[in-house]
Structure formats: C-alpha cells, structure tokens
Amino acid sequence: MSRPWPRPYANDPWAATGRPRRARCPAMTDLRALLARPHALRMLVTALIARLPEAMIPLALLLLVRDEHGSYGAAGAMAAAFALGAAVGGPVAGRLIDRLGQPAVLVAAAALRSAALLGIVLTAGSSLLVAGVLAVACGALTPPLEPALRALWPDLAADDEHALAAAYELDAGAQELIFVVGPLLVAVAVATWSPDAALHLTSAIGLLGALAFALAPPARAWHAGQHEPVSWTAAVRAPEVGVLLAIGVLAGAATGMVNVTTAAFAEHTLGDRALAGWLLAAWAVGALIGGLSAAAWRWRSAPEHRLTRLLVVFGLAFVPALLARSTGSMAVALALSGALLAPTLACVFVLTGSRALPGTITETFAWLTSSFLVGSAAGSALGGTLTGVDSAAASVRGYAVAALIVWLGALVWRLRRVPTRPALRHAGGT
C-alpha cells in the first residue's frame, strides 16, 4: 500500500493560485542553460578582454603625460579628452554596426585606435595639443563591444526571457572585472617598463580581443534585422528610451561621485591616498558578486516595476558608507552599494533592449553607454567640489549626494509617461 503523503502544496501560497510550485532554484537553471549555449561564454570572455583598454587607457594616459610634463592638470585633461571622444563616438559606431554588421566595424575601430595610441606615444612629449587631439580620436574609436555584446544576448539566450535577464545581470556584474584587472595591468607594465609600454600593451590587448570577438560565429552571423531608414535622433526618441538614458546619466553621476569621494576619504580620513584603489576594488568586487547573485535569481516582478525598487534600495545602500570611518568598514560599505549597482544596471539593460527600435539596438545601447560616461564625468566634477574641504565629514558627504542622485532616478522612472501597448510593441528589440 502506498504511503499517504501529505496533501500536495500544503501551506504553499502558490497552491491557492493553482499555479505549480517553482523549482528550488530555477534561475540557476537559467544561468547554467545560458552558459551552456554555444558560444555564450566565449563571447562574454572575449568581450571582457577586448574591453580592458577602456580601464587601461585613462590611467596609462595620465601616467604618460605626468611622466613627460610633470603636470596632473595636463594629465587629467588628457584623460578627459579620451572620455569625451568615447562619449561622442560610441553612438556613431553603434549605428555603423547596425548598418554594416559587427566584424567590419569592431576590427576597423580597434586597428585605428591602436594607430591613435601609437601617435600619442610619439607626440606626448613634444606636443600636448596633438596628443590631446589623438586622445579624443582614441576615445571616439573605442570599439563598441559593450553594446555589441548586449545586442547578441537575445540570440545567445535563444530569446528565453529568464535566460536573457540572467545574461544582462551576468554582463553587468562581470564587467567590473575590467576595472579591477585593467588598472593592475597598467601598474605592472609601468613598474616593469614605462607608461609607453603600458599603452603598447593596451593596444595589443584591445586589438587581439576585438579580433577574437568579431571573428566568432555569433558576431559574424548577427544582423540588426529589417528596418526603415531612420534619422539620427530616432533611437533616442523611441518610447521610454529617453527616460532610460536620463537614468543612465544619473547612475553614471552616482558612480563618478563614488570614485572621487572614495579618493577623498582615503586621503582625509585614512591618511593614505593609495588606499583609494583598494576601496574602489571593493566596490567593483561587490558589483561582481551582486551581478552573479542577481543572475542566479529569477525575479518575480516585471522589470518596469523592479527598476523603481532597485533604485530606491541602491540609494539606501549608500547609508553605511556615510557612517564608515575605517578602511575595513568602508570596504564593506562600498561592497554593499556596489552589489546593488549591477542588478540595477541589468534592469536598465533589459528595458533598453526591449524598447529599442527595430534595426537600432546596437546604437541604442551605445547611447546608453555614452549617457553613463557623461554622467560619470559630471559626477566626478561635482564630487571634486563637494570633497575639496580637508575634513572627515566632507570626505563622505559625496555618498549622500550619490544616494540622492539615485533616488532622483527612481522618481524620474516612477513619473515617466507610460506609452501605449502598440507603441511598446513597435519599440521591441530586433
């Protein structure tokens, strides 16, 4: 005789809805399925390697100019010129990918950027003006690997909604490795050889990584899909895309604020500027862990509703940083706030991909990247103003402003004008 098992789903809230009980960890299944998909892991890893120059070039430029001219002002201007070029050139390169495909644009951009880096090495000592122009060109020629990978994720995830969400969360967290490994490679190259050698190493990594990504089957097979000719402003005028770009600016501003405020905290409170690098590494590690954890979690709420909540909690996560007064406590506080950054950005990625007009998905993601860069530059400038006073209180108030900026993003998203369903369907991804 069979054993009389308890009534199925007893005391289970799902039973009342008539819906089946979820698997113990369905999101882990989604993540494993994603990574088991052909080429998915390869595209993620090669994109991360090819994007290392994004974290290496600003530091290498700063050290090169500082070494040649002895001026942090000129060095900072050179790094800013690179960032300006990247912010302007990204959408243009994204649009070209949507028209010409990924391999041609990515390889050409990487090769031309290598030439610009060589030009900087040859001219930085004699003409800062020429080197500055080349730095702008170098930024503008940054291969748009970040939007290119995000354009590939729907295909790599086989258009599975949960696997796609896991892909964006994994992407958002894993990219923090770039900003941990990249500066370390520059530091090793400079200590072993020179800033010139660091730029040559950067050039080689970027070119080889772009080739490995662009020549992979998914990149060669990808196309933006059928579309009508669109104006230069069409991508940003798609339903809700403008609001998402505004949130990208605000998220970037909060990140820029964290970078400068952490440096000020290390100098004014801890008395050692070198500790800023370790604290920012804790922020990056937190983001990595947050992205991996989010990728292993199946969200029950729609991304439209989830984004507001994530932004609110992300802002709250800065509170411990306001109270920290030691290296250890600040490292933990920054890791906590960093852990909320990755799932928040991933939610923005999901929403951006679903709102992009047909045939413009790479360009739309490139605009999102540019919005983050612009916000980061503005946040860094504002952070420098707020933390200019040599005091412990001044060295942490930037975190409070970062929280306010993030909450402003939540308010902007909450008060947005929701488009009609037909408009949303028209704005679906390719």
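The values are calculated or read from the model by the stated rules, or taken from the named source; none is laboratory data. Since the model is a prediction, treat every value here as computed from it, not as a measurement. Every residue, glycine as well, gets a Cβ built from its backbone with ideal geometry; the counts of neighbours run over all protein chains shown.
If you go through the range 362-394 and keep only what is of a type in the set (Val, Ile, Thr) and either within 15 Å of the chain's Cα centre (by Cα) or modelled with pLDDT of 90 or more (or both), you end up with Thr362, Thr364, Thr369, Val374.
Do we find that Ala210 is aliphatic (A, V, I, L, M) and either crowded, with 18+ Cβ neighbours inside 10 Å or modelled with pLDDT under 90 (or both) in this structure? Here the answer is yes, as Ala210 does meet what is asked.
Screening Glu146 against (1) in contact with a helix residue (DSSP H, G or I) (Cβ under 8 Å, 6 or more places away or on another chain); (2) over 25 Å from Trp299 (Cα atoms) leaves a single unmet condition, (2).
Among residues of the range 147-163 being touching a residue at least 60 places away in the same chain (Cβ under 8 Å) and surrounded by fewer than 23 Cβ atoms within 10 Å (Cβ to Cβ), the one that is nearest to His223 (Cα to Cα) is Asp155. Here Ala234, Ala167 are screened, and the one residue that is surrounded by fewer than 19 Cβ atoms within 10 Å (Cβ to Cβ), touching a residue at least 24 places away in the same chain (Cβ under 8 Å) and aliphatic (A, V, I, L, M) is Ala234.
Which residues, counting only those in the range 245-265, are over 14 Å from the mean Cα position of the chain (by Cα), surrounded by fewer than 24 Cβ atoms within 10 Å (Cβ to Cβ) and either more than 17 Å from Tyr399 (Cα to Cα) or at pLDDT 85 or above (or both)?
Within the range 245-265, Ala246 is the sole residue that qualifies.
The requirement of being touching a helix residue (DSSP H, G or I) at 6+ places or on another chain (Cβ under 6 Å), in a helix (DSSP H, G or I) and closer than 21 Å to Val180 by Cβ is not satisfied by Gly277.
Going through the range 81-94 one residue at a time, which ones are over 16 Å from the mean Cα position of the chain (by Cα) and surrounded by 20 or more Cβ atoms within 10 Å (Cβ to Cβ)?
Ala81, Phe82, Gly85, Gly89, Ala93, listed by residue number.
Out of the range 170-207, which residues are surrounded by 22 or more Cβ atoms within 10 Å (Cβ to Cβ) and more than 17 Å from Leu62 (Cα to Cα)? The answer is Leu170, Asp171, Ala172, Gly173, Gln175, Glu176, Gly206. Only one of the numbered conditions (1) touching a helix residue (DSSP H, G or I) at 6+ places or on another chain (Cβ under 8 Å); (2) surrounded by 14 or more Cβ atoms within 10 Å (Cβ to Cβ); (3) at pLDDT below 90 is not met by Leu52, and that is (3). The condition of being surrounded by fewer than 20 Cβ atoms within 10 Å (Cβ to Cβ), modelled with pLDDT of 90 or more and assigned by TED's automatic domain parsing to the domain that holds Arg273 holds for only one of Val348, Val332, that being Val332. Among the residues of the range 297-324, the one identified as touching a residue at least 40 places away in the same chain (Cβ under 8 Å) and of a type in the set (S, T, N, Q) is Thr308. Among the residues of the range 290-327, the ones that are more than 27 Å from Asp160 (Cβ to Cβ) and either part of a helix (DSSP H, G or I) or in contact with a helix residue (DSSP H, G or I) (Cβ under 8 Å, 6 or more places away or on another chain) (or both) come to 12 in all.
Restricting the range 413-430 to residues that are at pLDDT 55 or above and in contact with a helix residue (DSSP H, G or I) (Cβ under 6 Å, 6 or more places away or on another chain) leaves a set whose member that is surrounded by the fewest Cβ atoms within 10 Å (Cβ to Cβ) is Arg414.
Residues in the range 355-387 that are farther than 17 Å from Ala246 by Cβ, assigned to a helix (DSSP H, G or I) and of a type in the set (S, T, N, Q): 3 in all.
Annotation: Ala151 fulfils all but one of (1) assigned by TED's automatic domain parsing to the domain that holds Val65; (2) out of contact with any helix residue (DSSP H, G or I) (no Cβ under 6 Å at 6 or more places or on another chain); (3) under 30 Å from Ala36 (Cβ atoms); the unmet one is (2). Of all the listed residues (Ala238, Ala317, Ala263, Ala284), the sole one being aliphatic (A, V, I, L, M) and farther than 14 Å from Ala331 by Cα is Ala238.
If you go through the range 95-128 and keep only what is buried (at least 17 other Cβ atoms within 10 Å of the Cβ), in contact with a Leu (Cβ under 6 Å, 6 or more places away or on another chain), among the hydrophobic types (A, V, I, L, M, F, W, C) and over 23 Å from Thr364 (Cβ atoms), you end up with Ala116, Leu117, Ile120, Val121, Ala124.
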